[in-house]
Amino acid sequence: MRLCRVALRVSEGYELLRQVLVNGLVPENAVFNKLISGFCKEKQYTRVSELLHTMIAKNRVPDNYTYQEVINWLCKKGKGLEGLRVFNDLKDRGYAPDIAMYTTMIHGLCTMGWLGEARKLWFEMIEKGFHPNEYTYNTMIHGFCKIDNFEEAKILYKEMCNKGHKETTVSYNTMMTGLCLHGRTDEAYRLFQEMHQKGIVRDLITYNTIIQGFCKEGKIVESMNLFRELLAQGLQPSTYSYTPLIQKLCQVGAVQEAKGLWNDMKNIGLEPIVGTHDYIIIGLCDQGDAAEGMEWFIEMLNSKLKPKQETLGRLVECLTQRDRLDDSLLVLEFMFRTGYALEKGVCHSLVNKLCWEDNHFVETCLGEILEGK
DNA sequence: CTAGGGTTAG
């Protein structure tokens, strides 16, 4: 919904620009930049390139901000290589990137895991007289954390502090995210406590990071405590505060608690991501509640959401065990229509049940489905 | 105001 509105606004803006141009007026760069950025987000690169050409033709030379947004969004939309090409082309044409553009490019390279290239740009930037600032340091630290190189990350962190840059919520979050990503949650939690001692504000991302980290390690009690602390701090939880908690609760068989969180989430107007439905269905199946699992499946269909293959396999298995063969077939039909395969184990339980029951009717239906009628 | 931290599942 929201995306549609944005898209609408960008194309509306574009139409306005065309009219303005027809009338012989040329808006300032900021207008072009905003549209270019908007079309980049929508991956409408034809429009982007058209706008760039218009700018040049109308004597509104694309500036730092123009290219920065192009590079930024190319990287964020998985076209980092293209981003790098644009960046290098600019340099070849004698254009001197500023520190923000270097940071953007370094960030893109780090996200792709191309630390070597990122590091090269880092030194190139320094050679050109740009000293890394808070943004650049955090970007590079993030990159090293991502590839599990905490030695380098910590060296840079120290260097950043020595150069007089303050530790911030972001710098802490960066380190903590990296640590959690590589299973070093205890270290991350130490930083979490350190933040408090140093009086550095812990924001939603701080909490979400640690909650997710603890959940991944199965420390559900600790996670729930942090979640309550988040609320007590007056922070507004996001979908991603709930997601790992619901996932883990389902996995340890506490589906009731998970559903409680689900309702809380809905009540404050948050929409769970697709995968969360899957966790609940699997959780329900694990405790043998085929009926409710089926209800959630139907609910997903009504909301035009696509459950994962694994979820449906598990549901079929559960339904079969509970002798709800009609429902089994319903789910099976959906699976085949979607192009999902039936895993061996699921097949086994189904065939077992059918043979055991000698259920000719069901067998016929199954045959029809398999033949694709 | 336009650069940095999270967010799926694999």
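The values are calculated or read from the model by the stated rules, or taken from the named source; none is laboratory data. Note that the structure is predicted; figures quoted are calculated from it, not measured. Ideal geometry is used to build each Cβ from the backbone, glycine not excepted, and the neighbour counts take in all protein chains shown.
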message: Filter region A:75-134 down to the residues that are under 30 Å from the mean Cα position of the chain (by Cα), outside any helix (DSSP H, G or I), of a type outside the set (Asp, Glu) and within 12 Å of DNA strand B (Cβ to nearest atom) and list them by number.
response: A:77, A:78, A:97, A:112, A:113, A:132, A:133
task: Report, by residue number, each residue of region A:298-312 that is more than 16 Å from DNA strand B (Cβ to nearest atom) and touching a residue at least 24 places away in the same chain (Cβ under 8 Å).
output: A:301
Subset of region A:173-217 that is of a type in the set (Gly, Ala, Ser) and more than 8 Å from DNA strand B (Cβ to nearest atom) - its residue that is surrounded by the fewest Cβ atoms within 10 Å (Cβ to Cβ): A:199
- request: Search region A:81-105 for residues that are farther than 11 Å from residue A:67 by Cα and without any contact (Cβ under 8 Å) to a residue 12 or more places away in the chain and pair each with any residue that is part of a loop (DSSP other than H, G, I, E, B) and within 15 Å of DNA strand B (Cβ to nearest atom) when their beta-carbon atoms are under 6 Å apart and the residues are at least 6 apart or on different chains.
  value: none
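Looking at the structure I just gave you, is residue A:278 within 16 Å of DNA strand B (Cβ to nearest atom), assigned to a helix (DSSP H, G or I) and in contact with a Lys or Arg (Cβ under 6 Å, 6 or more places away or on another chain)?
So residue A:278 fits the description; yes.
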message: Regarding region A:218-226, can at least one residue be identified that is more than 10 Å from DNA strand B (Cβ to nearest atom), free of Cβ contacts under 8 Å to residues at least 24 places away in the same chain and outside any helix (DSSP H, G or I)?
response: no
message: Any residue that is in the same structural domain as residue A:193 (by TED's automatic domain parsing), within 16 Å of DNA strand B (Cβ to nearest atom) and either loosely packed, with under 13 Cβ neighbours inside 10 Å or over 30 Å from residue A:201 (Cα atoms) (or both) - is there at least one of those in region A:237-245?
response: no
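Here's the yes/no breakdown for (1) in contact with a helix residue (DSSP H, G or I) (Cβ under 8 Å, 6 or more places away or on another chain); (2) more than 20 Å from residue A:145 (Cβ to Cβ):
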{"site": "A:186", "(1), (2)": "no, no"}
{"site": "A:210", "(1), (2)": "yes, no"}
{"site": "A:223", "(1), (2)": "yes, yes"}
{"site": "A:244", "(1), (2)": "yes, no"}
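Of all residues in region A:138-169, count the ones that are assigned to a helix (DSSP H, G or I) and either more than 7 Å from DNA strand B (Cβ to nearest atom) or surrounded by fewer than 17 Cβ atoms within 10 Å (Cβ to Cβ) (or both).
Counting residues in region A:138-169 that are assigned to a helix (DSSP H, G or I) and either more than 7 Å from DNA strand B (Cβ to nearest atom) or surrounded by fewer than 17 Cβ atoms within 10 Å (Cβ to Cβ) (or both) gives 20.
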